[in-house]
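Contents: one structure, followed by commentary.
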Amino acid sequence: MNVATIRLCHWYAGVFFAPTIIFFAFSGVMQVFKLHEAYRATPGAQGDWIAWMSQVHKEGALIPPRPAPAKAPQAERPPSEPRKERSSAFKWFAALMGVTLIGASFAGLYIAYSYPSRRKAFFTTLLAGIVVPIVLLQFA
């Protein structure tokens, strides 16, 4: 396989998967800060779309988010050690990674678009990269 063929395969793969990479990076950033859990308790709330995105990210299917479980009164709870939270520094590091991945994906799309001879292929491949995951989610 020569270098030109590898570059062309990279070009098509990058354009095709960029929408999915952007989606997963964005929904991952939302999950780092547990925004998906904040909206599970109030279905139909303004931020309910975050909970839906999280379900696609975590479950790989269009599953409606389940409401957050009601908290049991303190007296009925068995004594257990509270769950240790991740460090705030790591949360921000992971969020920065997600935002950077989104930016790099958009930069890659811009670079791929800059080939005038491949514009039709660009839009066709990009559209396929948006439609194919949506269709696959319908059958999941």
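Just so you know, all these numbers are worked out from the coordinates, no wet-lab data involved. Computed from a predicted structure; not experimentally measured. Glycine also receives a Cβ, built like all others from the backbone with ideal geometry; neighbour counts cover every protein chain displayed.
Details
- Summing charges over neighbours of residue 108, with a neighbour being any other residue whose Cβ is under 14 Å away from its Cβ, gives +2 when K and R count +1 and D and E count -1.
- Cα radius of gyration and Dmax for region 94-140 (Å): 13.6, 37
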